[in-house]
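S.K.: Could you have a look at this structure, given as structure tokens, before my questions?
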Amino acid sequence: MKRIYDAPSHEDGLRILVDRLWPRGISQERAALDRWAQSEITPSSQLRSWFAHDPAKFEIFEVRYRAELNERPEAAEFVEEVRTALVASNVTFLYAARDPQINHVVILLAWVNEKLTQGSDT
């Protein structure tokens, strides 16, 4: 995972923006995206608004966000897309939040890694 405001690098591999909203001050050229996963794996607008990046709500936010991910068939398809991409290169999840530890991407990355690990056991 990496902030979208950081310069792209060759090591990024496939660059996927995993925010529902386009980041302020970033042009499409500067973003250098391969994909924007705008809604299939981002927290719902209601959950995002409730959370409001409040560290005191992070644990509850994680439970609710994981529940949303587990309910969405699109999220499972996203995991398979990442699995396929990882055969050829790295995959970097890009986000705009200022706090690198209190944001949905931390949860998303852990969730995707769990799903990738589960899928390799079958």
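The values are calculated or read from the model by the stated rules, or taken from the named source; none is laboratory data. Values in this document were obtained by computation on a predicted structure and should not be read as measured data. Positions of Cβ are backbone-derived with ideal geometry, glycine not excepted, and every protein chain shown enters the neighbour counts.
S.K.: Can you find a residue in the range 85-95 that is under 17 Å from Met1 (Cβ atoms) and part of a loop (DSSP other than H, G, I, E, B)?
M.R.: Yes, that holds for at least one residue.
S.K.: Considering Val87, Val91, which residue is in contact (Cβ under 8 Å) with a residue 24 or more places away in the chain, farther than 13 Å from Arg20 by Cβ and of a type in the set (Val, Ile, Thr)?
M.R.: Val91
Here's the yes/no breakdown for (1) hydroxyl-bearing (Ser, Thr, Tyr); (2) part of a helix (DSSP H, G or I); (3) at pLDDT 95 or above:
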site: Glu29; (1), (2), (3): no, yes, no
site: Leu33; (1), (2), (3): no, no, yes
site: Glu40; (1), (2), (3): no, no, no
site: Pro43; (1), (2), (3): no, no, yes
site: Gln46; (1), (2), (3): no, yes, yes
site: Lys57; (1), (2), (3): no, yes, yes
site: Phe61; (1), (2), (3): no, yes, yes
site: Glu68; (1), (2), (3): no, yes, yes
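S.K.: Would you check which residues across the range 30-65 are β-branched (Val, Ile, Thr) and under 15 Å from the mean Cα position of the chain (by Cα) and list them?
M.R.: Ile41, Thr42
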